[in-house]
Amino acid sequence: TYLVYYLGLDRSDGDGRPGIGRALAVSSSLSAGFMSAFVVVGTITRLFTDWINQNAKYVSLVIGLALVVLGVAMLFGYRLPITTPKLDVGGRAADRTAMSMFVFGVAYAIASIGCTIGPFSATVLGTIGTEGFATGLLAIALYGIAMSLLVSALTVSLVIARGGLLRVLRSGMKH
């Protein structure tokens, strides 16, 4: 989703080439949001591990019901009061800000955590209990850095590939 969104965001330089600098700026904003969410979730999870383990089934039910209610409300036109990237990027400069990508990174991290909370808590957060607090914080930071590097590498690769694809298509149009 992020890469498709980035394709809509990307502005080309004057000669039609997408900018690597823009790719790095966008992926850095997304990565900052992603890291922020992981630090917050990691801290909360670690502080309340026993309570979470005992009450996860109830919390999951409450979150699930809240998401159903929010989904139905959004079907009837409710819009969240936060700025998130829109799928329709046609000319709306407000959606092309660093803050918008930061919020997208937070949302991306929350969705990622929702899908991987078991392995994430067992491997990454589990190091706090087994290896100590400092090592656990290092594990959380390294996880976030790895995800940030992945996002940045994919974004820059997309810029480079898109530039090459444009050259091939333009050279084919000459004939």
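The values are calculated or read from the model by the stated rules, or taken from the named source; none is laboratory data. All of these numbers come straight from a predicted model, not from anything done at the bench. Here Cβ is always computed from backbone atoms with ideal geometry, including for glycine, and neighbour counts include all displayed protein chains. Please note that ligands, DNA and RNA were not included when accessible areas were found on the heavy atoms of the full protein model with its side chains. Shrake-Rupley method; radii C 1.70, N 1.55, O 1.52, S 1.80 Å.
What the table below lists for this structure:
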item: Tally of residues being touching a helix residue (DSSP H, G or I) at 6+ places or on another chain (Cβ under 7 Å) and either at pLDDT 75 or above or more than 20 Å from residue 139 (Cβ to Cβ) (or both) across the range 103-128; result: 9
item: Output for the range 108-129, where each listed residue is crowded, with 19+ Cβ neighbours inside 10 Å, within 20 Å of residue 32 (Cα to Cα) and among the aliphatic types (A, V, I, L, M); result: 109, 124, 125
item: Any chance residue 24 is assigned to a helix (DSSP H, G or I), of a type in the set (A, V, I, L, M) and at pLDDT 65 or above; result: yes
item: Selected residue (criterion: farthest from the chain's Cα centre (by Cα)) from residues of the range 80-102 that are open to solvent by 60 Å² or more (accessible area, probe 1.4 Å) and at pLDDT 80 or above; result: 99
item: Tabulated pairs, the range 58-73, first touching a residue at least 12 places away in the same chain (Cβ under 8 Å) and more than 15 Å from residue 114 (Cα to Cα), second aliphatic (A, V, I, L, M) and surrounded by fewer than 11 Cβ atoms within 10 Å (Cβ to Cβ), C-beta under 9 angstrom, 6+ apart or interchain; result: none
